[in-house]
1. Could you tell me which residue of region 150-164 is surrounded by the fewest Cβ atoms within 10 Å (Cβ to Cβ), considering only residues that are assigned to a loop (DSSP other than H, G, I, E, B) and away from ligand 2 (no atom under 16 Å from the Cβ)?
2. For residue 53, are the conditions met, namely being more than 22 Å from residue 106 (Cα to Cα) and crowded, with 16+ Cβ neighbours inside 10 Å?
3. Filter region 10-34 for residues that are under 12 Å from residue 213 (Cβ atoms) and within 16 Å of ligand 2 (Cβ to nearest atom) and give the result.
4. Please go through region 24-36 and give me each residue that is touching a residue at least 12 places away in the same chain (Cβ under 8 Å) and closer than 17 Å to residue 192 by Cβ, ordered by number.
5. Can you list the helices (runs of 4 or more DSSP H) lying wholly within region 17-116 that have 2 or more residues being closer than 30 Å to residue 235 by Cβ?
6. Just one of the numbered conditions (1) exposed (fewer than 15 other Cβ atoms within 10 Å of the Cβ); (2) in a helix (DSSP H, G or I); (3) in contact with a strand residue (DSSP E or B) (Cβ under 8 Å, 6 or more places away or on another chain) is not true of residue 232; which one?
7. Is it true that some residue in region 36-50 is under 21 Å from residue 149 (Cβ atoms), more than 15 Å from ligand 1 (Cβ to nearest atom), touching a strand residue (DSSP E or B) at 6+ places or on another chain (Cβ under 7 Å) and at pLDDT 95 or above?
Ligand code: ADP
Ligand code: MG
């Protein structure tokens, strides 16, 4: 579903990604971890064309992200993205937040978009909050709305960038539970997260990045059992 082939990226003279390669098969869950500044967010953003890269190739469902002929907005409409900060529209109700892209990008009718939004709100356990505004919900609830919003677009895969790292500890699990469910239903997912409990539960593979390099790309068991690199061992020792 996602192939990343020898991708390099620099900002001026600063090399942020060096020769990164990996693949995410349909239905696979890949967790990306590594120290702050190692290039995790940049790699994820390259996958749906939010950041350009100078070398290598990325394809999503066979579509080349770096090809200037590729319609990036069309591609992005099929790739769900959930960030650390939920980025809901504060002046719109939850239902309107869930409907707007369905109507504007997919051309669904208001009724159809609303029905789909309510169905997904129910799935994340928030149907009762449909008419509220984002500011009336907790951080964990807002992040679940953000996930529902992404799912409304019928994405072919989901990208997560530290979706729980801005949340109070008591709200982390309600978001992870939704992500675990999605994974178990077979969604293809690439998740930047340091929640190793989540990784242990549902990841097929774990990627460890350091200084713009993919240092480890292992099965979950190999990664948690005995990472190859000293850097990954030190990182795990710190966060577990
Ligand atoms: P991570 O998500 O692993 O913390 P990032 O992908 O956000 O890492 O950033 C990797 C490196 O690239 C960091 O050193 C960061 O300072 C640098 N960086 C990110 N965005 C920019 C930018 N727009 N211009 C220059 N440097 C950047
Ligand atoms: Mg980041």
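The values are calculated or read from the model by the stated rules, or taken from the named source; none is laboratory data. Here the structure is a predicted model, which means the values were calculated and not measured. A quick note on method: Cβ atoms are made from the backbone with ideal geometry, for glycine too, and the neighbour counts reach across all protein chains shown.
1. Of the residues in region 150-164, the ones assigned to a loop (DSSP other than H, G, I, E, B) are 152-156, 162-164.
Restricting the remaining residues to those that are away from ligand 2 (no atom under 16 Å from the Cβ) gives 152-156.
On the way: 152: 23, 153: 19, 154: 12, 155: 18, 156: 17.
In this case the residue turns out to be 154.
2. Numbers: more than 22 Å from residue 106 (Cα to Cα): yes; crowded, with 16+ Cβ neighbours inside 10 Å: yes.
Here the answer is yes, as residue 53 does meet what is asked.
3. Start the filter on region 10-34 by keeping residues that are under 12 Å from residue 213 (Cβ atoms), which leaves 15-22, 34.
Those that are under 12 Å from residue 213 (Cβ atoms) and within 16 Å of ligand 2 (Cβ to nearest atom): 16, 17, 20, 34.
4. Here is the first cut: in region 24-36, the ones touching a residue at least 12 places away in the same chain (Cβ under 8 Å) are 24-35.
Across region 24-36, the qualifying residues are 24, 28, 29, 30, 31, 32, 33, 34, 35.
5. Details: elements: 40-47, 72-78, 94-104.
Answer list for region 17-116: 40-47.
6. Among (1) exposed (fewer than 15 other Cβ atoms within 10 Å of the Cβ); (2) in a helix (DSSP H, G or I); (3) in contact with a strand residue (DSSP E or B) (Cβ under 8 Å, 6 or more places away or on another chain), residue 232 violates only (1).
7. no
Yes or no, residue by residue, for (1) farther than 22 Å from residue 180 by Cβ; (2) crowded, with 21+ Cβ neighbours inside 10 Å:
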site: 60; (1), (2): yes, yes
site: 71; (1), (2): yes, no
site: 75; (1), (2): yes, no
site: 89; (1), (2): yes, no
site: 105; (1), (2): yes, no
site: 112; (1), (2): yes, no
site: 124; (1), (2): no, yes
site: 148; (1), (2): no, yes
